Amino acid sequence: MDNNAQQNETTTFQAKVASFNLFNYIEPPLAYYDFENIYSGEQWAKKQLWLANFLAENQPDIIGFQEVFSAGALAAQACQAGLEHFAVVDEPSIVDDFICRDPVVAIASKFAFEEVQAIEVDSDYAKALGLEKSFKYSRKPLRVTVTLPDIGHCDIYVVHLKSKRASLDELPPAQSMTVKDGGKANFGELLGRNVLGQWASGIQRGTEATLLFHTMMQRRVETQNAMILLGDFNDSLSHQPLSLLLTQELRFEREGSGELASYPLSDAYQLYCQREAELNVENISAENSIAYQRQATHYYGAQGNVLDYILLSQDFNPHFHTSTAEVTDYHTEDRHLINPQYERDSHSTDHAPVMCTIRSRR
């Protein structure tokens, strides 16, 4: 390597970005959802140790968290790992003094926050969509703004979209769940309500995604800041309406299409695959061999799904003419899901954290 190449490599900015669903990160004596769900001292220590080991082994520079109940404990643990800047914009609900519900999202970073903002529902657009006045995000997203060397101002969003669990709270009261002749469960009523509840959850999740995307686009117009979206989307990006986050299915008139090119988001994993395929251009099967190796981030029984994502603005896409960075690595930390060891993983998480490395191109 010549001196110029060495100098260029030493001055190139690089950072690792991660998204991590912590799965009930709650410090005893608080309980999650039910009075019986309280970690013992040993269990809590194991959960903290798993996170500490993850941070030490992977050394993320920016990490978005989901399912946070004890933000103070998480901030302290992140700071010990060198992530001294921490933000949270909401707090969980507490019932009967110690039972917690409605966990929140958080972010930890080695870069100082120039701005921290809770993302609220735009009431005018919600009304235009026919939503109730009381509509809100199931978990309030947050945005922080940092300055990244060579890249400039960057808006980082953390989100945890509504789960697929049937949302039954808003449905009318159930009819009798039993029948008179024999007292057997009314399975038809049960099935019908669950289908309605899952559809309601899907509507909530899709609406959250589209409202957030619109908010991000408004911010992009105002600032032209680079954007990073970290989160547990609770669905695949290939499914509508989440697929609209990548705007691949949208159609535009030719006029103005050049300017529009700067706004879509890209999946960090796909940007990594694209780069690897181009580096292995002599190997015809390289692109296919990489593209089909994406690990699941969550398992429901034996079925694996990718629910956790890192989405990036075109500033991180080297094919965009004004991009300033690229994705040089992508990793899914799934050992605890596919090859768990009780002593090590018993109090880890039911999701696989995802990480990507971004590097400046200047």
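Remarks
- Computed on protein heavy atoms with a 1.4 Å probe, the accessible areas place 109, 346 in the order 346, 109, largest first.
- Rolling a 1.4 Å probe across all protein chains gives residue 360 an accessible area of roughly 10 Å².
- Within the chain, helix-based [θ] at 222 nm, where runs of 4 or more DSSP H residues each add -39,500 (n - 2.57), nearest 500: -9000 deg cm²/dmol
- Max mean-square fluctuation residue, GNM over the chain, Cα-Cα springs under 10 Å, options 20, 98, 69: 98
- Largest GNM mean-square fluctuation across 123, 266, 243, computed for the chain with C-alpha springs under 10 Å, falls on 123.
- For the listed residue pairs 110/133; 16/133; 47/162; 16/46, the alpha carbons are over 32 angstrom apart in 110/133; 16/133.
- Cα-based shape type of segment 99-156, given that a ≥ b ≥ c are square roots of the gyration tensor eigenvalues and the cut on a/c is 1.5: oblate
- Cα-based helix-to-principal-axis angle, 187-223 vs the chain, degrees rounded to 10: 30
- Qualifying trypsin sites (Lys or Arg not before Pro) in segment 52-133, where qualification requires a DSSP coil assignment and no more than 14 other C-beta atoms within 10 Å, comprise 133.
- Cα-based helix-to-principal-axis angle, 41-58 vs the chain, degrees rounded to 10: 20
- Take 57-68, 325-336 and order them by the average number of nearby Cβ atoms within 10 Å per residue, most first; the result is 57-68, 325-336.
- Chain lengthening between residue 194 and residue 164 when straightened (0.36 nm per residue, less Cα-Cα): 9.7 nm
- A P(r) calculated from all alpha carbon pairs of the chain, with 10 Å bins opening at zero, reads 5, 21, 32, 25, 12, 4, 1, 0, 0 percent.
- Protein accessible area in the chain, 1.4 Å probe - carbon and sulfur %: 49
- Relative contact order [Cα under 8 Å, 6+ residues apart], segment 297-362, whole percent: 38
- Packing, as the average of other Cβ atoms within 10 Å across residues, places the peptides 198-205, 156-163 in the order 156-163, 198-205, highest first.
- Using the alpha-carbon positions of segment 1-138, Rg (one decimal) and Dmax (whole number) come out as 19.4, 67 Å.
- Area of residue 136 that stays accessible when all protein chains are in place (1.4 Å probe, Å², to 10): 140
- Residue-normalised accessible area of segment 36-123, given per residue in Å² at a 1.4 Å probe: 46
- Nearest 10 degrees, 0 to 90: helix 268-279 Cα axis against the chain principal axis: 40
- Residue with peak Gaussian network fluctuation, the chain [Cα springs, cutoff 10 Å], from 196, 312, 148: 196
The values are calculated or read from the model by the stated rules, or taken from the named source; none is laboratory data. What you see is a predicted model, and the numbers here were worked out from it, not measured in a lab. Positions of Cβ are generated from backbone atoms using ideal geometry, with glycine treated the same way; all protein chains shown enter the neighbour counts. SASA here: full protein model, heavy atoms, side chains in, ligands and nucleic acids out. Shrake-Rupley method; radii C 1.70, N 1.55, O 1.52, S 1.80 Å.
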